[in-house]
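> Next up is a structure, given as structure tokens.
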Amino acid sequence: MAAEVVCACCGQRRPFTYVGPVYAVEELRRRLCPWCIADGRAAAMFDAQFTDAHWRVPEEVPSDVMEVVLRRTPGFAGWQQERWLHHCADAAEFQGEVGAPELADFPDAVNYLRLEMAGSGWSAEEKDWYLQSLSKDGPVTAFLFRCRHCGTHLAYSDST
């Protein structure tokens, strides 16, 4: 976020402050600059993580990749518990929150959402209604990711 901060890690006055989740003993929200997160100093100094690790990570994703996601990558806030998506044995890039209008440009992400709903027991009409109800700023949101290797778009949905 474009808001000046004196970073609790490096002590420098920076033009941006990190506003996402921080999992640490000390309260650090809005007190860190993104540079200290990216280079690992904030995680080392405060034993901090910026994404919760309680999601299923495919076995083919190396542990050092997960370490980068957890301790050197700015996180994002979801309605329930956030998940970081993976593809091509690597962590995907987080692209942001999206709704149905934005997802129209990413049919591969819509297909990924349909796969996510496969075991829901919903009818095709209910799934279509749900996908159309996704809102970037609403109580039912999708989180868009992009594979860093093949460019495939992925998404998962979350609601209040």
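The values are calculated or read from the model by the stated rules, or taken from the named source; none is laboratory data. These numbers were taken from a predicted model, which means no experiment stands behind them. All Cβ positions, glycine included, derive from the backbone under ideal geometry; neighbour counts span all protein chains shown. Note: accessible area is taken over every heavy atom of the protein model, side chains too, but ligands, DNA and RNA are not part of it. Shrake-Rupley method; radii C 1.70, N 1.55, O 1.52, S 1.80 Å.
> Does region 41-95 hold any residues that are in a strand (DSSP E or B) and open to solvent by less than 30 Å² (accessible area, probe 1.4 Å), and which are they?
Residues satisfying the conditions are H86, D90, A91.
> Sticking with this one: Mind checking which residues of region 94-142 are without any contact (Cβ under 8 Å) to a residue 40 or more places away in the chain and of a type in the set (F, W, Y)?
W122, W129, Y130
> Here is a list: V22, V6. Which entry is open to solvent by less than 70 Å² (accessible area, probe 1.4 Å) and among the β-branched types (V, I, T)?
Sole residue among the options that is open to solvent by less than 70 Å² (accessible area, probe 1.4 Å) and among the β-branched types (V, I, T): V22.
> Among the numbered conditions (1) within 24 Å of T51 (Cβ to Cβ); (2) of a type in the set (F, W, Y); (3) in a loop (DSSP other than H, G, I, E, B), tell me where W122 comes up short.
(1)
> Here is a follow-up. Pairs needed: first member in region 81-93, under 7 Å from C147 (Cα atoms); second member anywhere, assigned to a strand (DSSP E or B) and open to solvent by 70 Å² or more (accessible area, probe 1.4 Å); C-beta distance under 8 Å; at least 6 residues apart or different chains.
Listed by first residue and then by second, the contacts come to A92/R146; E93/R146.
> List pairs: first in region 26-54 and free of Cβ contacts under 8 Å to residues at least 60 places away in the same chain, second among the acidic types (D, E), Cβ under 7 Å, 6+ apart or cross-chain?
Close Cβ pairs satisfying both conditions: F46/E26; T51/E82; D52/E82.
One line per residue, one yes/no per condition, for (1) among the small types (G, A, S); (2) touching a His at 6+ places or on another chain (Cβ under 7 Å); (3) at pLDDT 95 or above:
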residue: F106; (1), (2), (3): no, yes, yes
residue: A109; (1), (2), (3): yes, yes, yes
residue: L113; (1), (2), (3): no, no, yes
residue: G119; (1), (2), (3): yes, no, no
residue: S123; (1), (2), (3): yes, no, no
residue: K136; (1), (2), (3): no, no, no
residue: R146; (1), (2), (3): no, yes, yes
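> Confirm whether A92 is among the small types (G, A, S) and modelled with pLDDT of 95 or more.
yes
> Consider region 96-145. How many of its residues are open to solvent by 80 Å² or more (accessible area, probe 1.4 Å), farther than 11 Å from S157 by Cβ and touching a helix residue (DSSP H, G or I) at 6+ places or on another chain (Cβ under 9 Å)?
Summing the residues that are open to solvent by 80 Å² or more (accessible area, probe 1.4 Å), farther than 11 Å from S157 by Cβ and touching a helix residue (DSSP H, G or I) at 6+ places or on another chain (Cβ under 9 Å) in region 96-145 gives 3.
> Could you please find all residues in region 41-88 being farther than 28 Å from G11 by Cα and among the aromatic types (F, W, Y)?
W55, W79, W84
> Another question, then. If you go through region 26-43 one residue at a time, do you hit one that is modelled with pLDDT under 90 and either charged (D, E, K, R) or out of contact with any Phe, Trp or Tyr (no Cβ under 9 Å at 6 or more places or on another chain) (or both)?
Scanning region 26-43 turns up at least one residue that is modelled with pLDDT under 90 and either charged (D, E, K, R) or out of contact with any Phe, Trp or Tyr (no Cβ under 9 Å at 6 or more places or on another chain) (or both).
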